[in-house]
Amino acid sequence: MTIAISTFKKLGVIRTGHFRLHSGWHTAEFWDLERAFSDYEFSKKLAHAAAELCAPWEFDTLAGIGRGGGMFAAALAAPYGFHLPFYLMTEVGGSLLIHRGRPMTGKRLLVVDDVVTTGASLTSAVRAVREAGGEIAGCLLVLDRSEGVALDCPLVAIIKKTILAWRPETCPLCKGGQPFTVK
Ligand SMILES: [Zn+2]
């Protein structure tokens with residue numbers, strides 16, 4: 001099952017302007033995926049698309065990165081029928097911490113995030129899971145907007161669309177004096 005980009009547009013997920021992304025990079029196109037996760041029917045569609053993409057992989061636990069990844073993991077855990085526990089990983093002082101006291105040792109995890117831009121969060125999540133004794137089955141995203149992320153594990157995305165993003169010092173919108181759009 002594929003989901004057309006137009007359906008994200010209809011939900012008001014895709015916004016244009018001048019945005020600061022979580023990665024610190026700037027962009028003219030921001031995908032507000034919380035709007036997608038807060039729509040129950042659409043969340044179910046995302047879960048079904050994800051189930052197909054991840055069908056070849058074996059895993060017993062999910063790990064959601066940050067708020068977006070946590071919302072996606074929750075959306076997957078319920079209607080998908082995974083009945084899988086999930087860990088929430090949040091960023092503290094530049095590194096990802098794994099919440100929940102249960103040990104990760106021996107678990108095989110699907111790392112879940114909403115969007116990847118630079119791959120920094122994913123790379124650090126994969127490292128944190130391994131350091132905690134978990135094994136990575138793969139990484140799942142709603143949107144891969146990167147120009148390619150170098151990871152030593154498989155990565156799949158429901159939508160793959162390269163969208164320009166810049167470091168703040170090279171952002172043409174900043175150079176043009178365009179104010180930030182309110183998220
Ligand atoms: Zn800018």
(request) Under 4.7 Å Cβ to Cβ, no partner at all: give me those cysteines from the chain, in residue order. (result) C54, C139, C153
(message) Based on alpha-carbon atoms only, what is the radius of gyration of the chain relative to the globular estimate 2.2 N^0.38 Å?
(response) 1.02
(request) Do me a favour and compute the ellipsoid semi-axes for segment 96-183 from its Cα gyration tensor, root of five times each eigenvalue, largest one first, whole Å. (result) 31, 15, 11
(message) Explain nothing, just compute: Karplus ³J(HN,Hα) = 6.51 cos²θ - 1.76 cosθ + 1.60, θ = phi - 60°, for every residue of segment 24-33 in order, whole Hz, x for Gly and Pro.
(response) x, 7, 9, 7, 9, 10, 10, 9, 8, 6
(message) Straight-line reach from K160: which lysines fall under 23 Å, measuring Cα to Cα and dropping same-chain residues less than 8 apart?
(response) K9, K10, K44, K45, K183
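Coordinate-derived values only; no laboratory data. All of these numbers come straight from a predicted model, not from anything done at the bench. Using ideal geometry, Cβ is built from the backbone for each residue, glycine included, and neighbour counts are taken over all protein chains shown.
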